[in-house]
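Presented below is the structure to which this report refers.
The values are calculated or read from the model by the stated rules, or taken from the named source; none is laboratory data. Just so we're clear, the structure is a prediction, and the values are computed from it rather than from any experiment. Because the Cβ atoms are built from the backbone with ideal geometry, glycine has one as well, and the counts that use them run over all protein chains shown. Heads up: the accessible areas ignore ligands, DNA and RNA and are worked out on the full protein's heavy atoms, side chains in. Shrake-Rupley method; radii C 1.70, N 1.55, O 1.52, S 1.80 Å.
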Amino acid sequence: MGGMAIGDGAEKAPECAGKLVYLTALMLPPGETLASAGIDLNIPVVVSDDGLTTTVTPEVGVRVFYNDCDAADIAFAMPRLKPQAASIFGAAMQTTPGRWGRIPRAYIECTNDNAVAIEVQRTMIWRAPVERVVSLDSGHSPFFSMPGKLADALHGLA
C-alpha cells in the first residue's frame, strides 16, 4: 500500500517531493477507490474479528508477495508482514492536480507480480499517466529478488 502512502504524502507536502516513483504500487487518480477504479487485487485476506485490519496467511504471503524470492529472503520477510488497515481498501485518494498532480511521477512495473497484476499496473499507469515506465521481470518484491536491477532502475529514474 506504499503507493497510496506516497500519494497522500505528496498531496500534503508537494514541496518536499521532486519526483514520485511508484514500485509496482497502487497509483489511483484523484477521488478514486480500488473499486471505483475497477481494480481487484484478488488477494485472499483474513479480516480481524473487529473488522479493522487484514492479514494474509503465510502461504498467501509467499505466493503473492515473495513468489520469486529465495528461501532466506522469505524467512526474513514473512515475520515482518504486519496487519493492514482494512479501511484502505475502500479509501479514496484525496489528491488534487495542483498538489500531487504537479509532481513528476515514474512507475516501475513488475511483470510477474502476484499482488498487483501487470494488467492492473498498466491500467493505473494509463489512468494517472507518468513520465517514465521501467519494466522489471520480477514479482512484488524486487528489493529482495533483484536488488541490483532495482537499484539500477531507480538510479536511471533519478
Under the Karplus relation 6.51 cos²θ - 1.76 cosθ + 1.60, θ = phi - 60°, what is the ordered set of whole-Hz ³J(HN,Hα) values for segment 66-82, x standing for Gly and Pro? 10, 4, 10, 9, 7, 4, 5, 5, 4, 4, 6, 7, 4, x, 8, 5, 10
Let a ≥ b ≥ c be the square roots of the eigenvalues of the Cα gyration tensor of segment 87-131; is it rounded (a/c under 1.5), or, if not, prolate (a/b larger than b/c) or oblate? oblate
quick note, the chain, DSSP beta bridge pairs, % antiparallel (nearest 5) is 30 percent
Go ahead and run the numbers for FRET between A71 and D8, Cβ-Cβ distance against an R0 of 41 Å, rounding to 0.05. 0.75
Quick one: with all protein chains in place, what share of the accessible area of the chain is carbon or sulfur, to the nearest percent (1.4 Å probe)? 58 percent
Rounded to a whole number, the Stokes-Einstein D of segment 8-158 in µm²/s (Kirkwood radius over Cα pairs; 20 °C; 1.002 mPa s) is 130 µm²/s
